[in-house]
1. Would you kindly state how much longer the chain becomes between F172 and I70 on full extension, computed as 0.36 nm times their sequence separation minus their alpha carbon distance, in nm to one decimal?
2. Report the extension gain between S263 and D194 in nm, rounded to one decimal, defined as 0.36 nm multiplied by the number of residues separating them, less their alpha carbon distance.
3. With a point put 7 Å past each Cα toward its Cβ, work out how far E256 is from V51 in nm, to one decimal.
4. Tilt of helix 239-256 relative to the longest C-alpha principal axis of the chain, in degrees (0 to 90, nearest 10)?
5. Highest mean first, what order results for 256-262, 149-155 on Cβ atoms within 10 Å?
6. So how compact is region 8-140: Cα radius of gyration and Dmax in angstrom?
7. Can you give the three extents of the C-alpha atoms in region 223-326 along their principal axes, from longest to shortest, in whole Å?
8. Please give me the summed charge of the neighbours of A203: other residues whose Cβ is under 15 Å from its Cβ, Lys and Arg +1, Asp and Glu -1.
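The values are calculated or read from the model by the stated rules, or taken from the named source; none is laboratory data. What you see is a predicted model, and the numbers here were worked out from it, not measured in a lab. When we count neighbours, we look across all protein chains shown, and the Cβ atoms used for this are built from the backbone with ideal geometry, even at glycine. Heavy atoms of the whole protein, side chains included, go into the accessibility calculation; ligands, DNA and RNA do not. Shrake-Rupley method; radii C 1.70, N 1.55, O 1.52, S 1.80 Å.
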Amino acid sequence: MSYHCPSQVIVEAGGLKRLSQLTSGYDTVTCVTDEGLLRDYRGQLESLLSVTPNWVKVSDDPEAHTPGGINGVVIGFGGGRSIDTAKLIATATGLDWISIPTAASHDGIASEVASVSHNGFKYSKKCKTPIAVVADLDIISRAPPRLNLAGVGDILCKASSLSEWRFAYENFGESFNEDAYRVTENALNSVLTDGSLEVLVRAEIDAGRAMCIAGSSRPCSGTEHSISHAMERRNHDLHGMQVIFATPLCLHYLEERGYAIQSQESIHKLMESRGLPTSLKAMSMTPGLFYEYIVHALDLMERRERHSILAGVDKASLMRTIRTLY
Ligand SMILES: [Zn+2]
């Protein structure tokens, strides 16, 4: 299988300075960001670029700002929405794009997968891989702590996605890639043992790389992600908070089948110690609502031809487990 990973990955304090060299060969630069970041970083970014960028705010309609020129580059500077918008513009126009995350809130900072909303639900769309990822640790360390905490959630949930991937492969013949599995597992293990920001950022970039290697989001996204997508309609909490919230439930059933690479209990303890949501109350949810999300998630998994560890589990068991764990 051929795959393309970001050719340059820069994770360092002051890394933004490297942008000059990364964009020097392009005739046009389109930069997607949000209002607040534009105010704070416009001067710095413009001083680093050889051409004045075409600014696109995430609140704008990206299609109204289709960049001109064939030798252009698109920069996503910000959180999930800015980066996803840059990905979508680059994919639609065929231009190169550079990811500059300003928070470590999810593993999409280096991946080719964008999260797209449709009818109130979110789904993943395969886009282009960035030519470079510039993670400036000075900038990311200034992000609201809750954003970076959500990123921890998006890595810890790999305990569920990886376990389920192997389960689906061994029992239902889903396609599997050992390299992608190992890269994701190493990313998970690094965050399990080290709480530093740099380790988190590198784990997120590696998770993105694993998705490139696998050619799908499967290593990093299982039923816990589908539950998060189902939650989107009513709950607009951060992606990482939603996926980690659903993780103990999936791990419980993976453990029953002998597939959990981390126990439900150990992940639950870690979630509590790091301040991640572990109770229905923390997510303003009832057991019945959680069950509804699971039903919708199972439908999403089936449509994507992915086998869920929760498929075939009856309602009584799910309700009992929800009440016990949450
Ligand atoms: Zn995720």
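1. Values: separation 102, 0.36 × 102 = 36.72 nm, distance 4.44 nm.
Computed gain between F172 and I70 is 32.3 nm.
2. Numbers: separation 69, 0.36 × 69 = 24.84 nm, distance 1.84 nm.
Full extension of this stretch gives 23.0 nm more.
3. Computed distance between label sites E256 and V51 equals 5.8 nm.
4. It is inclined by approximately 30 degrees.
5. Details: 256-262: 16.6, 149-155: 25.7.
Highest-to-lowest ranking by the protection proxy: 149-155, 256-262.
6. When restricted to Cα atoms, region 8-140 yields Rg and Dmax of 13.5, 41 Å.
7. Cα spread of region 223-326 along its principal axes, largest to smallest: 35, 33, 24 Å.
8. Working: positive: K158, R182, R202, R209, R274; negative: D107, D154, E185, D194, E198, E204, D206.
Summing Lys/Arg as +1 and Asp/Glu as -1 gives -2.
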